[in-house]
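These notes concern the structure reproduced below.
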Amino acid sequence: MINTLFKQSIQIQRDQDVVPFRNKVKDCAVVLKMGLLNQTKLITAASELVRNMLKYGDGGEVIIESVMQERNKGVRLTFRDKGPGIADISLAMKDGYSTGKSLGLGLPGTKRLVNVFDITSEPGVGTTVSIIKWCNG
């Protein structure tokens with residue numbers, strides 16, 4: 001079971017919201033004494049997902065949480081948008097797949113950076129991505 005220690009919701013509507021969001025994610029990781037390598041992985045994953053949310057979902061909400069499972073602490077980020085959704089998640093999770101003009105490494109690359117990655121999407125309704133990066137993982 002995962003217990004929430006701290007929770008904050010942030011609205012992301014424009015590019016200017018990204019840096020303050022990244023700073024809050026870093027602050028949360030520092031409070032938990034997460035090592036620099038894991039902080040870097042978390043912030044890289046968070047940056048990719050927040051950019052996707054702005055680009056494809058026209059912004060949305062991110063919930064930042066400090067969480068604990070047994071003795072392990074970590075940061076959980078949940079990204080929710082009301083964009084067009086993803087028609088085929090399994091295709092979107094393949095390296096090299098892109099609907100834009102990118103390398104197609106965003107979602108699968110993000111999954112490799114974190115310990116827990118969960119995505120749900122409904123075309124016409126939106127997408128929710130939840131990630132967890134453990135301090136010791």
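Numbers below:
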{"item": "Qualifying residue in the range 112-119 (condition: in contact (Cβ under 8 Å) with a residue 24 or more places away in the chain, charged (D, E, K, R) and part of a helix (DSSP H, G or I))", "result": "no"}
{"item": "Set Gly85, Gly104, Gly96: member being modelled with pLDDT of 90 or more and not in a helix (DSSP H, G or I)", "result": "Gly85"}
{"item": "Val19 more than 22 Å from Met93 (Cβ to Cβ), surrounded by fewer than 15 Cβ atoms within 10 Å (Cβ to Cβ) and without any contact (Cβ under 8 Å) to a residue 24 or more places away in the chain", "result": "yes"}
{"item": "So Arg76, is it closer than 16 Å to Ile132 by Cβ, touching a residue at least 24 places away in the same chain (Cβ under 8 Å) and among the charged types (D, E, K, R)", "result": "yes"}
{"item": "Only listed residue being crowded, with 17+ Cβ neighbours inside 10 Å and at pLDDT 95 or above, chosen from Thr40, Thr127, Thr120", "result": "Thr127"}
{"item": "Output for the range 66-82, where each listed residue is surrounded by 12 or more Cβ atoms within 10 Å (Cβ to Cβ) and either not hydrophobic (A, V, I, L, M, F, W, C) or not in a strand (DSSP E or B) (or both)", "result": "Ser66, Gln69, Asn72, Lys73, Gly74, Arg76, Thr78, Arg80, Asp81, Lys82"}
{"item": "Residue that is touching a strand residue (DSSP E or B) at 6+ places or on another chain (Cβ under 7 Å), modelled with pLDDT under 95 and more than 18 Å from Arg51 (Cα to Cα), where the choices are Asn115, Asn136", "result": "Asn136"}
{"item": "Residue check for Arg51: modelled with pLDDT under 95, basic (Lys, Arg) and in a helix (DSSP H, G or I)", "result": "yes"}
{"item": "Number of positions in the range 1-48 that are over 18 Å from Gln69 (Cβ atoms), among the aliphatic types (A, V, I, L, M) and not in a helix (DSSP H, G or I)", "result": "2"}
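The values are calculated or read from the model by the stated rules, or taken from the named source; none is laboratory data. What you see is a predicted model, and the numbers here were worked out from it, not measured in a lab. So basically every Cβ, Gly included, is an ideal-geometry build from the backbone, and we count neighbours across all protein chains shown.
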